[in-house]
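Starting off with a structure, shown below.
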Amino acid sequence: MEFLRNAYAGFGAGERFQEVADRLAELSQFYIAPRYPDAHPSGGAGEHYTATQAARANELASGVLAWIDEQWELARAQGA
């Protein structure tokens with residue numbers, strides 16, 4: 001991650017990349033446990049996550065996808 005952060009900082013996108021990295025770090029808590037029904041010893045994922053947490057995860061993921069779309073468009077505009 002540090003390599004990518006430095007690479008994007010060189011293009012003047014360091015602050016935006018840091019925002020995306022922070023979003024990904026927060027999203028990581030929702031990655032493994034909700035995917036597996038037996039990840040929580042005391043019940044399924046639906047019993048451990050709230051609607052508010054789900055909405056936050058969706059908001060975070062939408063922000064990451066928007067950044068990916070921006071990067072894609074920049075690359076296309078530069079002929080990559």
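Name every residue in region 23-62 that is touching a Gly at 6+ places or on another chain (Cβ under 8 Å) and not in a loop (DSSP other than H, G, I, E, B), in order of residue number. Steps first, answer last, please.
Filtering region 23-62 down to residues touching a Gly at 6+ places or on another chain (Cβ under 8 Å) leaves 23, 37.
Correct list: Arg23 only.
Of all residues in region 41-80, how many are of a type in the set (Ser, Thr, Tyr) and farther than 20 Å from Glu26 by Cα?
Here is the first cut: in region 41-80, the ones of a type in the set (Ser, Thr, Tyr) are 42, 49-50, 52, 62.
Still in the running and farther than 20 Å from Glu26 by Cα: 42.
So the answer is 1.
Which one of Ala21, Ala39, Ala33, Ala45 is surrounded by 10 or more Cβ atoms within 10 Å (Cβ to Cβ), on the phi < 0 side of the Ramachandran plot and modelled with pLDDT under 75?
Working: Ala21 fails: modelled with pLDDT under 75; Ala39 fails: modelled with pLDDT under 75; Ala33 fails: modelled with pLDDT under 75.
Unique residue meeting the criteria: Ala45.
With the condition kept exactly as written, say whether any residue in region 46-61 is under 10 Å from the mean Cα position of the chain (by Cα) and small (Gly, Ala, Ser).
In the first step, residues of region 46-61 are kept if they are under 10 Å from the mean Cα position of the chain (by Cα); the result is 57-61.
Filter once more, so that each one left must be small (Gly, Ala, Ser): 57, 61.
There is at least one residue in region 46-61 that is under 10 Å from the mean Cα position of the chain (by Cα) and small (Gly, Ala, Ser).
The values are calculated or read from the model by the stated rules, or taken from the named source; none is laboratory data. No experiment lies behind these values; they were computed from the predicted model shown. Positions of Cβ are generated from backbone atoms using ideal geometry, with glycine treated the same way; all protein chains shown enter the neighbour counts.
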